[in-house]
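Novice: Provided herewith is a single structure, encoded as structure tokens, for subsequent inquiry.
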Amino acid sequence: MIHFYVCLKQVPDVYAPLQIKDGELIQDSGRMVLNAYDASALEEALVLTEKHGGKVTAVLAGPEKAKETLRKGLAMGADEGVHIVTEEGSAYDSLYYAGLLAAFFRDKEYHFISCGKQSQDTDAGLTGSMLAQLLELPYATNAVGLTLEDNRLLVKRQGDHGQEMIELPSPGLVTCSNDMNEPRIPSLKGIMQSKKKPVETIQASSLTGDGIRSVTTLLGYEEKPKREPGQKFEGDPEELAITIAGLLDSKENLM
Amino acid sequence: MSTLLTYIAVHDGKIKRSSLEVLSRCNELAAELGWESVALVLQPDATKAIEGLKPYGPAKIYTMSHPHFHQHLTTPLLRAIGHAVKEIQPRVVAFASTEGSKDLLGALSAAHGSAALPDMSEFSIDTEGVSGKRPVMAAKILSSVRADGSPVFVSVRSGSYNPEEREGEAAVQELSFSFNDADLRTTLREIVTATSDKIDLSEAETVIAAGRGVKDEEGRALIRELADVLQAGVGASRALTEAGIYDPSLQIGQTGKVVSPQLYIGVGISGAIQHVAGMSNSKVIVAINKDPDAPIFEIADYGIVGDLYKVLPPFIDEIRRIKSA
Ligand SMILES: Cc1cc2nc3c(=O)[nH]c(=O)nc-3n(C[C@H](O)[C@H](O)[C@H](O)COP(=O)(O)OP(=O)(O)OC[C@H]3O[C@@H](n4cnc5c(N)ncnc54)[C@H](O)[C@@H]3O)c2cc1C
Ligand SMILES: Nc1ncnc2c1ncn2[C@@H]1O[C@H](COP(=O)(O)O)[C@@H](O)[C@H]1O
């Protein structure tokens, strides 16, 4: 019986309109979603446990209202949930969450912890390997495919110049890319069942350990420098091709 | 004296340009602060990188040689960098942001109980720590961040700085490194695929990116031909890497690689924010798309509305003509 813990994070929807005022990010706080990379991590854990038997526990650290994202994980098919409740509106960094999760996992037994490779709002990509380090677990990052082989996880990992197959013993930790599956959309039945699934609630303040702290400071937000507006060309394909090739040569000096 | 340490990535015997970019920025900051900028190379025979590194002017080059550094193996790399940090006691350890450094940054930060600032598009250093900017929200905006303490682990997006040669004769110091294979906690079973492209996408001066509009062998051949006449690197959108049409290492974007060429030509790509996140710092952006409302046209310097199968052949011919003139 393989036991997976999948770490889910609630993140702002990157498609929601946003505005910056005096360095602060103003965004519809109602538009929060399950981090896309975590959805892929969960999908893969579900596929593996459906095939080999086992259990999937979803763990989320976040404020009270992030529970809806944990529910989504349960509706997708996780067997049970753990909600580590943090203070509303605080800007925590990856080391804080990794510290919190490490304190939670310290006395747990499991085969694998699975994380997203990064949060889709901040692209930090730190929590997974931080957590592995804090728990002294072997780990592999940026998985694009997972296979189970006698309680070992074969991780196909996307590196800079190609892919490699890494054998990860249990207990271990893996971080997942979204390039390995299409996460399932919860069915109506799944949503109904999710309401009956057990969710353990833990106050973040009750978890202790050294290093549950943020070490970076978010100073504010700003717009990216605007690009000069460009030009759009329509018409006969051959003429367009010749015109643009000419401009790239004469105007941009790129030939 | 305080020290800034740059990790130098080497692939196929070649020092990565993105590492030289980071080293050059550290050199500049060290000069301002009166500190020392040094470099660290981990290779099977790290001394081979010395000559290539010297012109970029680190005060010192630390080498560590071990057969394991031939591949990306997490445990030996963490152990080696940890050892170097202990020996050198740097205030900052800077990396080019690559899949290789992304694999290590969090673990290094947690192991040292100190901060990591990943994927920075600019950074500065003062006596307290590191500050700078990084793109967030699928690179739609920038956030300003800061980390105090020591050492701070920083990674820098490729193309954020220019590699600059400078005067000075670097001292070379070999750091000893031994590794017991019983400590390898994961096993590298095999290399599944390795990109055969001669041009490294993240360093390419010109990038041709293919999207879903490139449907078939004919389309791929046109992309190849255009890349050949322009001596460009070929990249792709997720639509095509996911479909197995292009190698996943070629994906450009939030999940894939960041490119910052002089010229980016997107062919049959809609311009989804997650793709744009990886290419919006290109100097000149050309888009070929048959849909006049495709979002890519909002950021393209030159937008060609048309069918790629009709536009590319005369485009390639004309470029060839200009080149041979
Ligand atoms: C968390 C997350 C991360 C992601 N990361 C990435 C990433 O790193 N990189 C990435 O690329 N995507 C990424 N995506 C996916 C992204 O959202 C888009 O789905 C993807 O970029 C679309 O690829 P495309 O533009 O090739 O395809 P489409 O959006 O389908 O666009 C195809 C375009 O081709 C045009 N076209 C069709 N036929 C022709 C023709 N004959 N001639 C000219 N034009 C034609 C069409 O008009 C259309 O605009 C990510 C998504 C998520 C959720
Ligand atoms: N608050 C959190 N609760 C649960 N998992 C988290 C949390 N923060 C980060 N993670 C996990 O760590 C991954 C990487 O996060 P990050 O370091 O923010 O990019 C995410 O994809 C999640 O799997």
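Novice: Within 10 Å of each Cβ in peptide A:229-236, how many partner chain Cβ atoms are there on average? Round it to a whole number, please.
Specialist: Taking the mean over all residues of the peptide, I get 6.
Novice: For chain B, give me the percentage of DSSP beta bridges that are antiparallel, rounded to the nearest 5 percent.
Specialist: The answer is about 25 percent antiparallel.
Novice: Quick check: from the Cα gyration tensor, does segment B:191-231 come out rounded (a/c under 1.5), prolate or oblate?
Specialist: Taking the square roots of the gyration eigenvalues as a ≥ b ≥ c, segment B:191-231 is oblate.
Novice: Rg to Rh for segment B:206-324: what is it, with Cα atoms only and Rh by Kirkwood?
Specialist: 0.93
Novice: Would you please name the GluC sites (Glu not before Pro) within segment A:93-179 that are DSSP coil residues with at most 14 other C-beta atoms within 10 Å of their C-beta?
Specialist: A:109, A:136
Novice: So, one more: Using the basic label-point model (7 angstrom from Cα toward the beta carbon), what is the residue B:216 to residue B:124 distance in nanometres?
Specialist: 5.7 nm
Novice: Are there GluC sites (Glu not before Pro) in segment A:216-255 that DSSP puts in a loop and that have at most 13 other Cβ atoms within 10 Å, and which ones?
Specialist: A:234
Novice: On full extension of the chain, what length is gained from residue B:173 through residue B:224, given 0.36 nm per residue of separation minus the C-alpha to C-alpha distance?
Specialist: Contour length minus the Cα-Cα distance gives 13.9 nm.
Novice: Now, a different point. Starting from 0.36 nm per residue, how many nanometres of slack lie between residue B:192 and residue B:86 once their C-alpha separation is accounted for?
Specialist: Full extension from residue B:192 to residue B:86 adds 34.7 nm.
Novice: Now a separate question. Per the helix-only calculation at 222 nm, which mean residue ellipticity applies to chain B, given -39500 (n - 2.57) for every DSSP H run of n ≥ 4 and division by its residues, nearest 500 deg cm²/dmol?
Specialist: My calculation for chain B gives -8500 deg cm²/dmol from helical runs alone.
Novice: Give the relative contact order (percent, whole number) for chain B; include only Cα pairs under 8 Å separated by 6+ residues.
Specialist: Computed value for chain B: 14 percent relative contact order.
Novice: Run the helix sum for chain A: -39,500 (n - 2.57) per DSSP H stretch of 4+ residues, divided by residue count, reported at 222 nm to the nearest 500 deg cm²/dmol.
Specialist: -8500 deg cm²/dmol, from helical runs alone.
Novice: In terms of the Cα gyration tensor, with a ≥ b ≥ c the square roots of its eigenvalues, is segment A:2-206 rounded because a/c is under 1.5, prolate because a/b exceeds b/c, or oblate?
Specialist: Taking the square roots of the gyration eigenvalues as a ≥ b ≥ c, segment A:2-206 is rounded.
Novice: Relative to the first principal axis of the alpha-carbon coordinates of chain B, what is the inclination of helix B:217-230, with its axis defined by its Cα atoms, in degrees from 0 to 90 and to the nearest 10?
Specialist: 60 degrees
Novice: Let me ask you something else. State whether segment B:1-160 is rounded, prolate or oblate according to the following rule on the C-alpha gyration tensor (a ≥ b ≥ c being the square roots of its eigenvalues): a/c under 1.5 gives rounded; otherwise a/b larger than b/c gives prolate, and the remaining case gives oblate.
Specialist: rounded
Novice: Still on this model: Using only Cα atoms, tell me the angle between helix B:74-88 and the longest principal axis of chain B; keep it within 0 to 90° and round to the nearest 10.
Specialist: Between the helix axis and the principal axis of chain B, the angle is about 50 degrees.
Novice: I want the antiparallel fraction of DSSP beta bridges within segment A:2-206, as a percent rounded to 5.
Specialist: Counting DSSP beta bridges with both partners in segment A:2-206, the antiparallel share is about 40 percent.
Novice: Another question about this same structure. Among residues other than residue A:165 whose Cβ falls under 13 Å from its Cβ, what is the net charge (Lys/Arg +1, Asp/Glu -1)?
Specialist: 0
Novice: Can you tell me which lysines have their Cα less than 20 Å from the Cα of residue B:290? Leave out same-chain residues fewer than eight positions away.
Specialist: Once the sequence-local lysines are set aside, what remains near residue B:290 is A:232, B:215, B:310.
Novice: Grab the beta carbon distance between residue A:109 and residue A:150, set R0 = 22 Å, and tell me the FRET efficiency rounded to 0.05.
Specialist: E between residue A:109 and residue A:150, to the nearest 0.05, is 0.75.
Novice: Once you list every other residue whose beta carbon is under 12 Å from the beta carbon of residue B:30, what net charge do they have if Lys and Arg are +1 and Asp and Glu are -1?
Specialist: +1
Novice: Okay, moving on. If I take R0 = 56 Å and measure r between the Cβ atoms of residue B:317 and residue A:195 in this structure, what FRET efficiency does the formula 1/(1 + (r/R0)^6) give, to the nearest 0.05?
Specialist: Efficiency at R0 = 56 Å is approximately 0.30.
Novice: Let me ask something additional. Which whole-number percent is the relative contact order of chain A (Cα, under 8 Å, 6+ apart)?
Specialist: Relative contact order, chain A: 24 percent.
Novice: Could you tally the net charge around residue A:114, taking each other residue with its Cβ under 9 Å from the Cβ of residue A:114, Lys/Arg +1 and Asp/Glu -1?
Specialist: Net of charged neighbours comes to -2.
Novice: Which entries of A:51/B:14; A:108/B:102; A:72/A:226; A:156/B:140; B:48/B:140 have Cα-Cα distances beyond 32 Å here?
Specialist: Among A:51/B:14; A:108/B:102; A:72/A:226; A:156/B:140; B:48/B:140, the Cα-Cα distance tops 32 Å for A:51/B:14; A:72/A:226; B:48/B:140.
Novice: What relative contact order, as a whole-number percentage, does segment B:69-201 give when Cα pairs under 8 Å and 6 or more residues apart are counted?
Specialist: 26 percent
Novice: Mean Kyte-Doolittle hydropathy of 1.0 or higher plus an axial Cα length of 27 Å or more: which whole DSSP H helices in chain A meet both?
Specialist: none
Novice: If you take each beta carbon of peptide A:115-128 and count the beta carbons of other chains within 10 angstrom, what is the mean?
Specialist: The shielding value for this peptide is 6.
Novice: Once the Cβ-Cβ distance between residue B:181 and residue A:219 is put in as r, and R0 is 60 Å, what FRET efficiency do you end up with, to the nearest 0.05?
Specialist: 0.85
Novice: From other protein chains only, count the Cβ atoms within 10 Å of every residue's Cβ in B:93-104, then give the mean.
Specialist: 4
Novice: To continue, here is another question. Please sort by residue number the chymotrypsin sites (Phe, Trp or Tyr not before Pro) in segment A:29-128 whose DSSP state is loop and whose Cβ has at most 14 other Cβ atoms within 10 Å.
Specialist: Counting only loop positions with at most 14 other Cβ atoms within 10 Å, none of the chymotrypsin sites (Phe, Trp or Tyr not before Pro) in segment A:29-128 qualifies.
Novice: Could you pull the Cα extents of chain B along its three principal axes, largest to smallest, in whole Å?
Specialist: 60, 41, 40
Each value in this text was obtained by applying a stated rule to the coordinates, not by laboratory testing. All figures in this text were calculated on a predicted structure; none of them were measured in a lab. We place every Cβ from the backbone using ideal geometry, glycine too, and count neighbours over all the protein chains shown.
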